[in-house]
1. Is there any pair with a first residue in the stretch 220-243 that is in a loop (DSSP other than H, G, I, E, B) and a second that is β-branched (Val, Ile, Thr) and buried (at least 21 other Cβ atoms within 10 Å of the Cβ) whose Cβ atoms are under 6 Å apart and which are 6 or more apart or on different chains, and what are they?
2. Which one is nearest to the chain's Cα centre (by Cα) among residues in the stretch 173-231 that are of a type in the set (Phe, Trp, Tyr) and either surrounded by fewer than 17 Cβ atoms within 10 Å (Cβ to Cβ) or under 23 Å from GLY34 (Cβ atoms) (or both)?
3. So which residues in the stretch 14-50 are surrounded by 24 or more Cβ atoms within 10 Å (Cβ to Cβ) and more than 18 Å from the chain's Cα centre (by Cα)?
4. Checking ASN88 against (1) under 28 Å from PRO47 (Cα atoms); (2) out of contact with any strand residue (DSSP E or B) (no Cβ under 9 Å at 6 or more places or on another chain); (3) in a helix (DSSP H, G or I), only one condition comes out false. Which one?
5. Just to verify a result, which residue in the stretch 139-162, among those that are at pLDDT below 95 and in a strand (DSSP E or B), is farthest from ILE280 (Cα to Cα)?
6. Which of the residues belonging to the stretch 62-76 are surrounded by fewer than 20 Cβ atoms within 10 Å (Cβ to Cβ) and either in contact with a Pro (Cβ under 8 Å, 6 or more places away or on another chain) or within 20 Å of ILE106 (Cα to Cα) (or both)?
7. Checking THR107 against (1) within 26 Å of GLY159 (Cβ to Cβ); (2) at pLDDT 95 or above; (3) surrounded by fewer than 22 Cβ atoms within 10 Å (Cβ to Cβ): exactly one of these is not met. Which one?
8. Is it the case that LEU62 is within 19 Å of the chain's Cα centre (by Cα) and in a helix (DSSP H, G or I)?
Amino acid sequence: MALPQSLQRLALPAIGSPLFIVSNPDLVIAQCTGGIVGSFPALNARPESLLDEWLARITETLAAHDAAHPDAPAAPYAVNQIVHRTNNRLDHDLQMCVKYKVPVVITSLGAREDVNAAVHSYGGIVLHDVINQTFAHKAIEKGADGLILVAAGAGGHAGRLSPFALVAETRAWFDGPIALSGAIATGDAVLAAQAMGADLAYIGSAFIATEEANAAAAYKQAIVDGTAEDIVYTNLITGVHGNYLAPSLRRAGLDPDNLPESDATKMNFASGSTKAWKDIWGSGQGIGAVHEILPARTLIARMIGEYEAARARLGLAA
């Protein structure tokens, strides 16, 4: 099954993953005009009425870009919807996606046929993120168009499986769109994801250290300073296993080497004034490739150069 046409005209075959709190319209617009799919979680727009404003701004700005650059149109954008019983905004936020005909909707923490049907009603595409084959099969059975395979090493809510195993086992039965997540922070890694059988790379942590990102300066610097050894995998923070920066755990008074298990029914760690995501920072293992804070478009341009150089090293035709 070929990729949808809108995902074939990317300057780099990649999606900027939706980063809770961090992703905002500035970052999404920079990603899309830089040539990759930009995305943000609907829940980042607070209060919920702000989502209407964000979608209007992104839609209008990208349309203006396309009018001014007909030979280099912007990539499509995506909105992440948390399909979980704790998200009481889902109906409202989905209505906004329908109103603005959001090109790509990324669903997480659950799969629902009605959500997929709503997106399909206007011709949108649904990509569902999964960490194993059980969830992958359920997502496709319920009508998702493609899968985001969240492998070991990905930031935030991540799986335990090697990307080699996860992609190979999925490709054995699914020929639709696949994006791969897990420690991808260079153009070389994007090409490697394609070599394994994925269509797109799913890149998150590298974009935290960009000028447009809505992240504290200390968070951005921690990404620049950190390496894979600074990443801790735990379910304490939200009840779902994920990867977090050890320095932020220490700042919260926690011992990264001795973390207790969490109650899976709770989706938000809080201890005093310390809160999940805001004070305890998600990150993937690929941050060792991040050496400075850059504008998002500069980062994408660098990755495009790395991607093309990697293709040339392998003798691949342009």
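The values are calculated or read from the model by the stated rules, or taken from the named source; none is laboratory data. Note that the structure is predicted; figures quoted are calculated from it, not measured. Cβ: placed from backbone, ideal geometry, glycine included. Neighbour counts: every protein chain shown.
1. So the pair list comes out as GLY226/ILE287; ILE237/ILE280.
2. Checking each candidate, the answer is TYR202.
3. none
4. The failed condition is (3).
5. Selected residue: HIS157.
6. Taking the stretch 62-76 and keeping what is surrounded by fewer than 20 Cβ atoms within 10 Å (Cβ to Cβ), we get 63-73.
HIS65, ASP66, listed by residue number.
7. (3)
8. no
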